[in-house]
1. Can you tell me the length gained on complete extension of the stretch B:His7 to B:Thr78, counting 0.36 nm per residue apart and subtracting the Cα distance?
2. Largest first, please: the extent of the C-alpha atoms of segment B:1-86 along each principal axis, to the nearest Å.
3. Please get the size of the charge dipole for the protein assembly as shown, origin at its Cα centre, with Cβ charges of +1 on Lys and Arg and -1 on Asp and Glu, quoted in debye to the nearest 20.
4. For each pair in A:Lys98/B:Lys71; A:Lys57/B:Lys37; A:Lys9/B:Lys37, compute the distance between the two Cα atoms and list the pairs where it is over 23 Å.
5. Give me log10 I(q)/I(0) at q = 0.15, 0.18, 0.32 Å⁻¹ for segment A:59-110, Debye formula, one equal scatterer per alpha-carbon, no solvent.
6. As a test, work out the antiparallel percent of DSSP beta bridges whose residues both lie in chain A, rounded to the nearest 5.
7. For the protein assembly as shown, which cysteines have no disulfide-compatible partner, meaning no other cysteine Cβ under 4.7 Å?
8. To the nearest 0.05, how large is the calculated FRET efficiency for A:Lys14 and A:Thr96 if R₀ is 30 Å and r is the Cβ-Cβ distance?
Amino acid sequence: NAGVTQTPKFQVLKTGQSMTLQCAQDMNHNSMYWYRQDPGMGLRLIYYSASEGTTDKGEVPNGYNVSRLNKREFSLRLESAAPSQTSVYFCASSETQKLFFGSGTQLSVL
Amino acid sequence: GENVEQHPSTLSVQEGDSAVIKCTYSDSASNYFPWYKQELGKRPQLIIDIRSNVGEKKDQRIAVTLNKTAKHFSLHITETQPEDSAVYFCAPPTGRRALTFGSGTRLQVQP
């Protein structure tokens, strides 16, 4: 039982490049989330998916897209990366409002 | 996070002392009040939570108290230890069906 698995753990992009952050959970949770955490800051919600087939915007959705591929997987895509998207990205899943986080992806955009 | 305020932003205590962190929220419909702990370089982890039909919940050295009238809930850590040093986040639900995190409190326990 791995919980929430995120890949990659580290990534460096040049401005304008695109990439997809992958997230998978094996706890059979309905809800999944993407948060970003800037240095010394709290977590801000980018997008969430309350159930398979649905996605909703969070506090800071601009510049991102998501796909709830199936119940297990929820991916986050940056179409044209910008330096302001340099951050640590956490995926999480939940069933009863208790969040379980992945280990995070440290993304740097140069 | 939106409509969620957490105080203090930093807190330094001596080992063995108590620490209290307060979270103020605005959504009257909130019925779930969790606290997360994030150690340096690690993922956030849930340490304690409370539902709105309960005023207080304890788990060993940590406790959460809820004041729905004043719209705030607090994390209490007694007999603090160096391993309690971390950033603590409250995360009450807001209008969305997702948690909104406070800005965090950096707790430093001095040995």
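Values in this text are rule-based calculations from the coordinates and carry no lab data. All of these numbers come straight from a predicted model, not from anything done at the bench. With ideal geometry, Cβ positions are generated from the backbone for all residues, glycine too; neighbour counts draw on all protein chains shown.
1. Details: separation 71, 0.36 × 71 = 25.56 nm, distance 1.75 nm.
Length difference between fully extended and current span is 23.8 nm.
2. In descending order, the Cα extents are 36, 25, 20 Å.
3. Numbers: 23 positive and 20 negative charges, 87 e Å.
Magnitude of the dipole: close to 420 debye.
4. Exceeds cut-off: A:Lys57/B:Lys37.
5. Here log10 of I(q) over I(0) equals -0.50, -0.70, -1.33.
6. Among the beta bridges of chain A, antiparallel pairing accounts for roughly 90 percent.
7. none
8. Values: r = 41 Å, r/R0 = 1.37.
The formula returns an efficiency of 0.15 here.
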